[in-house]
């Protein structure tokens, strides 16, 4: 039997420990920085999103960019009303959710159905109506003043399906101001925002819609509808991205869902969101905010910490070898 000096034995043990840690870091790094390896060659990502968001045009463009960067993944998009989005997600039919219905999102997250979630962007709702109308909005101070005028003058006011996020938003705002949405010429179209905008244009009335949908569809309108009241903080339309938790729904295809999550919160995608529509409409349609979300901040901090540990272990390995 060969006996080695104690100092040399300790050095070998330290070297073995470093090698073991390097292997662990290498495996962990692959899991974090190479999520493509998780996806199958023909992965399908089942995505559901509200029609208000898809009518703005941004969802289809984001999908196109994502599929170009990840050719092994194909996105199947389902679009419906905001309440239906969350209800169908609860049935485990989808891998990824885009939503603008805070009440439903909170319930989904609270019961553990979300693996990852973050607000990724927002835009604004607005009161849309004919440029030439009999009302005087020049001195309005807030949305309450606008809604009161519409109510007091019994104006034609068209609202989309009650199961839409847009209807839920205007209803909550009206309730906040103690205004009842029940005057005789208030009409619920029981349609999506796109068709509601068209009916509003046909009748030269007023409506409540997000600026993204309005600008994307405005060339179809003949009455010259314009935003009557807009850019109020209380009228922000917050867009949440959610990866469905496979522990709650084993059928979820989590690999492509995680890929899409990484894609959406990436700085390059966030910059693209900020620029979306500016060349066509001359205004910014969406404001990216993923970098402000606590969950994203924590995730990025963990990634940075892992990188630092990886670099440190490499330096120590080089030192002892």
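Structure summary
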read-out: Residues (more than 20 Å from residue 165 (Cα to Cα) and not in a strand (DSSP E or B)) located in the range 205-229; value: 205, 218, 219, 220, 221, 222, 223, 224
read-out: Test: residue in the range 165-173 that is surrounded by fewer than 18 Cβ atoms within 10 Å (Cβ to Cβ), without any contact (Cβ under 8 Å) to a residue 60 or more places away in the chain, in a helix (DSSP H, G or I) and not assigned by TED's automatic domain parsing to the domain that holds residue 52; value: yes
read-out: Residue 202 vs. criteria farther than 15 Å from residue 53 by Cα, over 30 Å from the mean Cα position of the chain (by Cα), assigned to a helix (DSSP H, G or I) and modelled with pLDDT under 95; value: yes
read-out: Subset of the range 231-248 [surrounded by 15 or more Cβ atoms within 10 Å (Cβ to Cβ) and in contact with a helix residue (DSSP H, G or I) (Cβ under 9 Å, 6 or more places away or on another chain)]; value: 232, 235, 237, 238, 239, 240, 241, 242, 243, 244, 245, 246
read-out: Extreme residue, modelled with the lowest pLDDT, among residues of the range 260-305 that are surrounded by 16 or more Cβ atoms within 10 Å (Cβ to Cβ) and out of contact with any strand residue (DSSP E or B) (no Cβ under 7 Å at 6 or more places or on another chain); value: 299
read-out: Complete set of residues in the range 175-194 that are touching a helix residue (DSSP H, G or I) at 6+ places or on another chain (Cβ under 9 Å) and either outside the structural domain of residue 128 (by TED's automatic domain parsing) or outside any loop (DSSP other than H, G, I, E, B) (or both); value: 176, 186, 187, 188, 193, 194
read-out: Residue within the range 137-157 that is closer than 27 Å to residue 84 by Cα and either part of a helix (DSSP H, G or I) or without any contact (Cβ under 8 Å) to a residue 60 or more places away in the chain (or both) present; value: yes
read-out: Scan of the range 47-75 for residues that are at pLDDT 95 or above, more than 13 Å from the chain's Cα centre (by Cα) and buried (at least 19 other Cβ atoms within 10 Å of the Cβ), ordered by number; value: 66, 70, 73, 75
read-out: Selection count where residues are touching a helix residue (DSSP H, G or I) at 6+ places or on another chain (Cβ under 7 Å) and either without any contact (Cβ under 8 Å) to a residue 12 or more places away in the chain or closer than 18 Å to residue 219 by Cα (or both), scope the range 263-286; value: 5
read-out: Some residue of the range 23-43 being in contact with a strand residue (DSSP E or B) (Cβ under 6 Å, 6 or more places away or on another chain), at pLDDT 95 or above and either within 30 Å of residue 215 (Cβ to Cβ) or in a strand (DSSP E or B) (or both); value: no
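The values are calculated or read from the model by the stated rules, or taken from the named source; none is laboratory data. Since the structure is predicted, the reported quantities are computational estimates derived from the model, not experimental observations. FYI the Cβ positions are ideal-geometry reconstructions off the backbone, even for glycines, and counts take in every protein chain you see.
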